[in-house]
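The values are calculated or read from the model by the stated rules, or taken from the named source; none is laboratory data. Note that the structure is predicted; figures quoted are calculated from it, not measured. Reconstructed Cβ throughout: ideal geometry from the backbone, glycine too, with neighbour counts over all protein chains shown. The protein model used for the area step is the full one, side chains on, heavy atoms only, and it has no ligands, DNA or RNA in it. Shrake-Rupley method; radii C 1.70, N 1.55, O 1.52, S 1.80 Å.
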Amino acid sequence: MSRIGNKPITVPEGVEVKIDGQNITVKGPKGTLSKEFHKNMKVNLENNVITVVRPNDEPENKSLHGLTRTLINNMIEGTVKGFERKLEVNGVGYRAQKQGTKLVLTLGYSHPVEMEAPEGITFDVPSQSEIIVKGMDKEVVGQTAAVIRTKRPPEVYRGKGIKYAEEVIRRKEGKAGKK
């Protein structure tokens, strides 16, 4: 019995949900998101309450039950509030800046690393050592933040690189000196 899958989703005011077979479209104040779900999951909308029903207790259907409910809830939350992911740039000479829709990173390479914002994503750079990735689609926000982090992952000796704001880097001790 999926505890998450059985929870009903209340649709807030100002949000319009259309269910067309397995395709669900959510339209809210920030924009529109659409996603197609697995054929086994039945999504019902009654009186602004969405419920997800699975046909039987097979392991595949059990795992899809909670996933489908969570994805629909994320679509609704994204069109109302949006999502953001914060990154920190650590290291001497490492910095981030925004040029138009581009994000320009100076990360100790011989060239600056330029990244174009995917559709529906915006970059905020409040300071040279902070990057905020914002958007409606939680999946795209997370993927974009992960791609930025791969440009210079944090290293374990000095902690230089790009890390998530809430991430804790386990530091290693350097070489031991001679006695």
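Karplus-based coupling profile of region 28-40, in residue order and whole Hz: x, x, 8, x, 10, 10, 9, 8, 9, 10, 4, 5, 6, with θ = phi - 60° in 6.51 cos²θ - 1.76 cosθ + 1.60 and x standing for Gly or Pro. What figure, in Å² to the nearest 10, do you get for the accessible area of Thr51 with a 1.4 Å probe and non-protein molecules left out? So the heavy atoms of Thr51 present about 50 Å² to solvent.
Count neighbours as other Cβ atoms within 10 Å of each site's Cβ, and list the chymotrypsin sites (Phe, Trp or Tyr not before Pro) in region 91-156 that are DSSP loop with at most 14 such neighbours. In loop regions of region 91-156 (DSSP not H, G, I, E or B), the sparsely surrounded chymotrypsin sites (Phe, Trp or Tyr not before Pro) are Tyr109.
Distances between placed amide hydrogens fall under 5 Å for Arg152 paired with Ile162, all partners being 5 or more residues away or on another chain. Over region 1-149, the reciprocal of the mean inverse Cα-Cα separation, the Kirkwood hydrodynamic radius, stands at 17.3 Å. Quick one: how many lysine pairs does region 115-177 have with C-alpha atoms less than 29 Å apart and a gap of 8 or more or different chains? Give me the count, please. Counting lysine pairs in region 115-177 gives 14. With K and R counted +1 and D and E -1, the other residues having a Cβ less than 15 Å from that of Ile131 yield a net charge of +2. The alpha carbons of region 110-175 occupy a box of 46, 28, 20 Å along the principal axes, longest dimension given first. The angle separating the long axis of helix 59-80 from the principal Cα axis of greatest extent in the chain is about 70 degrees.
Taking 0.36 nm per residue of sequence separation and removing the Cα-Cα distance, the Lys62/Glu167 pair yields an extension gain of 34.7 nm. Remark: region 108-122, residue by residue, has Karplus-estimated 3J(HN,Hα) of x, 7, 6, 9, x, 9, 10, 10, 8, 6, x, 4, x, 10, 10 Hz, where x stands for each Gly or Pro and the curve is 6.51 cos²θ - 1.76 cosθ + 1.60 at θ = phi - 60°. Each residue of region 93-105 was assigned a 3J(HN,Hα) from its phi angle through the Karplus curve 6.51 cos²θ - 1.76 cosθ + 1.60 (θ = phi - 60°); the sequence is x, 8, 7, 10, 8, 10, 10, x, 9, 7, 10, 10, 10 Hz, with glycine and proline shown as x.
So if R0 is 35 Å, what FRET efficiency would Lys7 and Thr101 give, r being the distance between their Cβ atoms, rounded to the nearest 0.05?
Efficiency, rounded to the nearest 0.05: 0.40.
Its residue count N sets the reference 2.2 N^0.38 Å, and the alpha-carbon radius of gyration of region 65-135 equals 1.38 times that reference.
Sparsely packed loop sites in region 1-73 (the GluC sites (Glu not before Pro) outside DSSP H, G, I, E and B with at most 13 other Cβ atoms within 10 Å) comprise Glu13. Helix 138-150 versus the longest principal axis of the chain: what angle, 0 to 90°, nearest 10, using Cα atoms? Result, in degrees: 20.
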